[in-house]
């Protein structure tokens with residue numbers, strides 16, 4: 001029996017789910033990732049867009065780190081999506097807005113997506129040996145929490161932030177997920193970041209947009225006229241699909 | 001006129017103080033440090049102990065990163081203090097408890113101190129080019145805020161955390177300092193971590209010890225019977241001394 005099996009059995013017997021929050025991708029190396037479920041969070045907007053694409057009937061989203069990797073898919077039957085610093089990259093079919101996934105545009109398609117922050121985290125979680133990698137968003141919060149509450153692996157919520165700096169919206173989502181999980185299961189939390197995120201969310205949950213209006217990312221996206229994207233992405237539990245990696249593609253789990 | 005002078009003049013004219021919070025030393029490289037005042041925070045216990053030593057009449061505290069560097073001072077007339085993982089290191093005069101600085105033990109002495117987290121951050125701030133480096137603690141919160149409210153440089157609050165992981169008590173201090181500064185001056189905050197820390201502090205300020213009892217570091221120190229240290233370190237504004245580096249030694253400013 002290896003140590004991972006031992007952990008699983010311990011968790012099974014004590015019935016508690018272990019939850020940690022990594023508040024910046026630059027801190028991921030401080031955490032044990034192997035054998036865990038990693039929920040990657042880039043609320044504004046990568047993981048919200050991925051969840052929207054799957055909800056709107058996309059076959060899959062292939063998340064890649066670089067623009068060059070995305071362009072390698074050019075010859076195939078893919079929708080190519082790329083965003084850097086909030087802008088759609090020239091020559092791509094789509095940027096990184098959930099609205100680009102609506103009205104049948106992505107139905108039955110496979111999207112190849114690269115973004116400034118979120119898609120890198122998906123690759124980082126895979127490389128670090130995660131058992132499962134989910135895309136977290138407010139849009140499918142409840143469904144994701146329900147799925148997680150049934151699994152035996154410890155949970156690591158990985159906030160994408162902005163170029164390794166901490167951001168408010170991803171931390172708030174992490175807190176929302178901890179709070180939702182606490183309604184469904186007994187949690188074992190030995191992680192100050194998880195406690196802080198939960199406290200912040202509990203305090204802000206009735207005024208998320210108001211709180212976010214002070215954040216650096218909100219100001220950044222407001223300048224780019226993405227305000228409607230933000231209001232869309234902050235909707236709570238409007239999708240039922242749990243989204244995660246299946247054979248290296250983001251799909252409905 | 002270089003860009004730093006330009007920043008100073010901008011701040012002087014608009015009358016606002018720029019404040020950022022670095023929530024882990026591992027993220028320091030993401031921030032511009034040159035020309036700023038860095039407030040290093042290791043509430044439990046390095047910077048609280050440094051402030052206590054100065055309050056109790058110590059001449060200075062020389063903060064060094066390694067045990068080896070501390071031992072280089074052995075031949076001189078110094079009190080040698082070293083802590084690793086919460087324990088006093090064998091062969092040293094003191095560990096890292098504020099109580100060891102009382103009853104005249106440190107009066108007119110110079111202490112050489114190395115700790116698991118806090119002293120490394122002081123060195124890191126110096127190496128990164130800070131204009132001033134202060135030792136932040138709840139014990140001298142008001143005095144420190146008063147001093148900062150009079151200076152023209154932007155402020156960076158650097159949380160020591162625990163081995164690069166985020167911790168609750170340093171984040172709460174960062175929030176307390178932001179909240180206190182806000183009472184004294186108009187702030188310019190374009191840093192989500194600062195907003196989050198302030199919100200956490202405002203929510204917890206009437207029950208800091210109660211909130212801290214859930215933290216990882218509290219549990220760690222409780223096991224080592226340092227509970228009295230923690231209650232001591234959470235006292236608010238009981239010292240009047242502002243403590244910072246003067247010619248590479250922590251002294252009364």
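The values are calculated or read from the model by the stated rules, or taken from the named source; none is laboratory data. Here the structure is a predicted model, which is why all the values come from computation and not from measurement. In this analysis, Cβ positions are derived from the backbone assuming ideal geometry, glycine residues included, and neighbour counts consider all displayed protein chains.
Suppose we keep only residues that are out of contact with any strand residue (DSSP E or B) (no Cβ under 9 Å at 6 or more places or on another chain) and touching a residue at least 24 places away in the same chain (Cβ under 8 Å) within the stretch B:121-142. Which one would you say is surrounded by the fewest Cβ atoms within 10 Å (Cβ to Cβ)?
Step one: list which residues in the stretch B:121-142 are out of contact with any strand residue (DSSP E or B) (no Cβ under 9 Å at 6 or more places or on another chain), which gives B:127, B:129, B:138-139, B:141-142.
The next check asks that each one be touching a residue at least 24 places away in the same chain (Cβ under 8 Å); those that pass are B:129, B:138-139, B:141-142.
Numbers: B:129: 12, B:138: 26, B:139: 28, B:141: 21, B:142: 19.
Of everything passing the filter in the stretch B:121-142, B:129 is surrounded by the fewest Cβ atoms within 10 Å (Cβ to Cβ).
Name the residue that is farthest from the other protein chains (Cβ to nearest Cβ), counting only residues in the stretch A:197-230 that are under 20 Å from the mean Cα position of the chain (by Cα) and outside any helix (DSSP H, G or I).
Within the stretch A:197-230, the match that is farthest from the other protein chains (Cβ to nearest Cβ) is A:226.
For the stretch B:100-165, which strands (runs of 3 or more DSSP E) that fit wholly inside it have 1 or more residues that are farther than 30 Å from residue A:29 by Cβ?
Ranges flagged: B:110-114, B:132-136.
So for the stretch A:231-244 (the condition being away from chain B (no Cβ under 11 Å), farther than 22 Å from residue A:26 by Cβ, assigned to a helix (DSSP H, G or I) and in contact (Cβ under 8 Å) with a residue 24 or more places away in the chain), does at least one residue qualify?
yes
Testing residue B:164 on (1) within 13 Å of chain A (Cβ to nearest Cβ); (2) at pLDDT below 95, one condition comes back false. Which one is that?
Unmet for residue B:164, out of (1) within 13 Å of chain A (Cβ to nearest Cβ); (2) at pLDDT below 95: (2).
Only one of (1) surrounded by fewer than 21 Cβ atoms within 10 Å (Cβ to Cβ); (2) at pLDDT 95 or above; (3) more than 9 Å from chain A (Cβ to nearest Cβ); (4) more than 14 Å from the chain's Cα centre (by Cα) fails for residue B:194. Which number is that?
Among (1) surrounded by fewer than 21 Cβ atoms within 10 Å (Cβ to Cβ); (2) at pLDDT 95 or above; (3) more than 9 Å from chain A (Cβ to nearest Cβ); (4) more than 14 Å from the chain's Cα centre (by Cα), the lone unmet condition for residue B:194 is (1).
Would you be able to tell me the number of residues in the stretch B:176-191 that are buried (at least 22 other Cβ atoms within 10 Å of the Cβ), closer than 18 Å to residue B:31 by Cα and touching a helix residue (DSSP H, G or I) at 6+ places or on another chain (Cβ under 6 Å)?
Residues in the stretch B:176-191 being buried (at least 22 other Cβ atoms within 10 Å of the Cβ), closer than 18 Å to residue B:31 by Cα and touching a helix residue (DSSP H, G or I) at 6+ places or on another chain (Cβ under 6 Å): 1 in total.
Just to be sure before I move on: is residue B:159 in contact with a helix residue (DSSP H, G or I) (Cβ under 9 Å, 6 or more places away or on another chain), under 30 Å from residue A:191 (Cα atoms) and within 14 Å of another protein chain (Cβ to nearest Cβ) in the structure I sent?
Here the answer is yes, as residue B:159 does meet what is asked.
Hey, any hits in the stretch A:13-33 for a residue that's farther than 23 Å from residue B:193 by Cβ, part of a helix (DSSP H, G or I) and at pLDDT below 95?
Within the stretch A:13-33, one or more residues are farther than 23 Å from residue B:193 by Cβ, part of a helix (DSSP H, G or I) and at pLDDT below 95.
Go through the residues of the stretch B:64-75 one by one and say whether even a single one is out of contact with any helix residue (DSSP H, G or I) (no Cβ under 8 Å at 6 or more places or on another chain) and over 18 Å from residue B:120 (Cβ atoms).
Yes; the residues of the stretch B:64-75 include at least one that is out of contact with any helix residue (DSSP H, G or I) (no Cβ under 8 Å at 6 or more places or on another chain) and over 18 Å from residue B:120 (Cβ atoms).
Only one of A:187, A:172 is assigned to a strand (DSSP E or B) and within 13 Å of chain B (Cβ to nearest Cβ). Can you tell me which?
A:187
Just need a number here: residues in the stretch A:13-28 that are touching a residue at least 40 places away in the same chain (Cβ under 8 Å) and farther than 23 Å from residue A:146 by Cβ.
5
Taking the condition in contact (Cβ under 8 Å) with a residue 40 or more places away in the chain, touching a helix residue (DSSP H, G or I) at 6+ places or on another chain (Cβ under 8 Å) and over 23 Å from residue A:154 (Cα atoms), does residue A:33 pass?
Working: in contact (Cβ under 8 Å) with a residue 40 or more places away in the chain: yes; touching a helix residue (DSSP H, G or I) at 6+ places or on another chain (Cβ under 8 Å): yes; over 23 Å from residue A:154 (Cα atoms): no.
For residue A:33, the condition - in contact (Cβ under 8 Å) with a residue 40 or more places away in the chain, touching a helix residue (DSSP H, G or I) at 6+ places or on another chain (Cβ under 8 Å) and over 23 Å from residue A:154 (Cα atoms) - is not met.
Does residue A:179 satisfy being within 19 Å of the chain's Cα centre (by Cα) and more than 9 Å from every other protein chain (Cβ to nearest Cβ)? So that I can check it myself, show each step before the final result.
Values: within 19 Å of the chain's Cα centre (by Cα): yes; more than 9 Å from every other protein chain (Cβ to nearest Cβ): yes.
Taking the combined requirement at face value, the residue satisfies it.
May I ask you to list the residues in the stretch A:91-120 that are without any contact (Cβ under 8 Å) to a residue 60 or more places away in the chain and out of contact with any strand residue (DSSP E or B) (no Cβ under 6 Å at 6 or more places or on another chain)?
Result: A:91, A:101, A:102, A:103, A:104, A:105, A:106, A:107, A:108.
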